[in-house]
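Student: Below: one structure in structure tokens.
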Amino acid sequence: SYTLSDFEGRVVVINFWASWCTTCKYEAEELETAWKMYEDDGVVFLGVAYQDSLHKALEYIDTYGITYPNGNDTQGLISRKYGVESVPETVVVDQEGYVAYYKIGMYNSLEEITFQIETLLRK
């Protein structure tokens, strides 16, 4: 379990995904690559499996080699807090705990992800 206050002063990328989501798999590799690029810089990546079964969610994580922390949101409690209505959606939170970017749909490239992170790291 995590809360945003656990990561005060850090950029946090929260990706909402599901094993049944056809476009989620296209951004999975880029998100993992970005996580590895910024892990030592203190950027936090969190994955949230949106209305998914635990078995299928774990299978997805294994299939795409995701190493950043993930949790299952079967009841939709986390998703509702962020206004997520479909997947993939990604929320990028700045160092002060405010939503800086809200991406509806998949990231189209690693550069799109890194641009958002780099912009916040330069603040």
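Student: Would you mind stating whether L46 is part of a helix (DSSP H, G or I) and either within 16 Å of V91 (Cβ to Cβ) or within 14 Å of the chain's Cα centre (by Cα) (or both)?
Tutor: So L46 does not fit the description; no.
Student: Please work out which residue is farthest from A18 (Cα to Cα), limiting yourself to segment 113-123 and to residues that are open to solvent by 50 Å² or more (accessible area, probe 1.4 Å) and modelled with pLDDT of 95 or more.
Tutor: L121
Listed here are the residues, each with its yes/no results for (1) out of contact with any strand residue (DSSP E or B) (no Cβ under 9 Å at 6 or more places or on another chain); (2) hydrophobic (A, V, I, L, M, F, W, C); (3) open to solvent by 90 Å² or more (accessible area, probe 1.4 Å); (4) assigned to a helix (DSSP H, G or I).
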residue: S1; (1), (2), (3), (4): no, no, yes, no
residue: S19; (1), (2), (3), (4): no, no, no, no
residue: A57; (1), (2), (3), (4): no, yes, no, yes
residue: G65; (1), (2), (3), (4): yes, no, no, no
residue: Y68; (1), (2), (3), (4): no, no, no, no
residue: V87; (1), (2), (3), (4): no, yes, no, no
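Student: Okay, moving on. I'd like to verify a number: residues in segment 65-98 that are hydroxyl-bearing (S, T, Y) and more than 14 Å from the chain's Cα centre (by Cα), how many?
Tutor: Qualifying residue count, segment 65-98: 2.
Student: Continuing with the same structure: Collect the residues in segment 89-112 that are open to solvent by 90 Å² or more (accessible area, probe 1.4 Å) and touching a Ser or Thr at 6+ places or on another chain (Cβ under 9 Å), keeping them in residue-number order.
Tutor: I104
The values are calculated or read from the model by the stated rules, or taken from the named source; none is laboratory data. Given the structure is predicted, the values throughout are model-derived calculations rather than measurements. Positions of Cβ are backbone-derived with ideal geometry, glycine not excepted, and every protein chain shown enters the neighbour counts. What goes into the accessible areas is simple: the full protein's heavy atoms, side chains included, and nothing from ligands, DNA or RNA. Shrake-Rupley method; radii C 1.70, N 1.55, O 1.52, S 1.80 Å.
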